[in-house]
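First up is the structure itself, then whatever we jot down about it.
The values are calculated or read from the model by the stated rules, or taken from the named source; none is laboratory data. Everything quoted here is computed from the prediction, not taken from an experiment. Here Cβ is always computed from backbone atoms with ideal geometry, including for glycine, and neighbour counts include all displayed protein chains. Note: areas computed on protein heavy atoms with side chains; ligands, DNA, RNA excluded. Shrake-Rupley method; radii C 1.70, N 1.55, O 1.52, S 1.80 Å.
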Amino acid sequence: NHGETITVPNLEGVHMDEIDEFLTKRHLRYEVNDSTFSDEHPPLTILKQYPKPGSKVKEGRKIFISVNRIDPPTVPVPELVDRSLRNAEAVLKSNELKRGKITYRPSQFLNLVLEMKYEEEIIDAGQRIPKGSTIDLVVGDGYAQSNFAAPRLTGNEIDDARFIILGSNLEIGLVTLQGDTTGHKSIVTKQEPEAGTQVRIGDAIDLWIAPVTDDEENTVEN
C-alpha cells in the first residue's frame, strides 16, 4: 500500500467515546489541540478538525481536533440597568448571552431596564454566569407617558384613518374588507379598540372598511 492515500473522514459531531475506534479502522490518529464551548452541540463532541474532511493524507496521519467542553465558560453580567430595552438586547448578544422574558413594571420611562434576573433571582452587573445563559429583564411600562384615548376612526376614509393612526404613534392592525372596494372610496365602519379606549404607544388598531357607493359619494359631496 506504499504511496496510497486515505481520505480524511468528517469527525464533526462524533463523540469522544467513539473517536478511537472510528479513526483506528481508518488507520489514522488524533490529538486534541483545543477545547471550546457550543450550546448547539452535546458535550465532548468534536467541533472542528484539521485536516478538513475530504483531504488526502498518508496512513497514520494525526488529525487535530477541537472538542466541545462539558461546562461552558463563565462571563460577567454586563450593566443593563438604566439602558433602553433595545440597547440591552444588543449588549447581551455581544456578550454571548440571551434575552429571556420581559416583565413590565409601572414606571414613567417606557422600556427602560429596571432589573436583571437570572434563574428567577435578581442579579447584579459583574456577577459571572455561564456563557449562553438567559437573562430576564424587568422594564418600565411608560404608563404615565403612553396611555391615552384611542382616536375615533369610524367615518374616515381609509387613507385618513391610516394617517391618524400613525400620527398617534399607534400601529395598523388587521384590516377587514366588508365588500368590494375596487374603484370606490373606502371608509372605516368599525374599529377595535373602540374610540376612547385607553391604549398605549405602539398598540395596534384593527379596522373594518366598506366601500362608499356612488349615491353615498354624491350625498356627501352635496
At 0.36 nm per residue, minus the direct Cα-Cα distance, what do Asp17 and Lys48 gain on full extension? Give it in nm, one decimal, please.
-> 9.5 nm
Paired Rg and Dmax values of segment 15-126, which use every Cα atom, in angstrom = 21.7, 70
Listed residues Gln127, Gln49, Gln178, most fluctuating in the chain (Gaussian network, C-alpha, under 10 Å) | Gln178
In square nanometres and to one decimal, what's the mean projected area of the convex hull around the Cα atoms of segment 99-187?
-> 9.4
Starting from the Cα of Gln178, step 7 Å toward the Cβ, then list every residue of segment 187-212 with an amide N under 18 Å from that point.
-> 187-196, 205-212
Cleavage-rule hits (GluC sites (Glu not before Pro)) in segment 1-75: DSSP loop, at most 15 neighbouring Cβ within 10 angstrom = Glu4, Glu12, Glu40, Glu59
Just grab the label-to-label distance for Ile102 and Asp39, each label 7 Å out from Cα along the Cβ direction, in nm (one decimal).
-> 1.9
Residues of the chain: accessible area per residue at 1.4 Å, in Å²?
-> 63
GNM of the chain, Cα pairs under 10 angstrom: of Asp71, Asp180, Asp136, the biggest fluctuation goes to Asp180
State the Cα centre-to-centre distance between segment 37-64 and segment 119-137 in whole Å.
-> 33
Using the Karplus equation 6.51 cos²θ - 1.76 cosθ + 1.60 (θ = phi - 60°), what ³J(HN,Hα) coupling, rounded to whole Hz, does each residue of segment 28-33 give in order, writing x for Gly and Pro?
-> 10, 10, 9, 8, 7, 10
What is the spin-label model distance, in nm, from Ile70 to Ser84 if the labels are put 7 Å beyond Cα along the C-beta direction?
-> 4.5
Principal axes of the chain: Cα extent on each, largest first, Å = 101, 48, 20
Rounded to a whole %, the carbon-and-sulfur portion of the accessible area of the chain at a 1.4 Å probe is 47
Determine the dipole magnitude for the chain: charges of +1 sit on the beta-carbon of Lys and Arg, -1 on that of Asp and Glu, nothing else is charged, the reference point is the Cα centre, and the result goes in debye to the nearest 20.
-> 1560
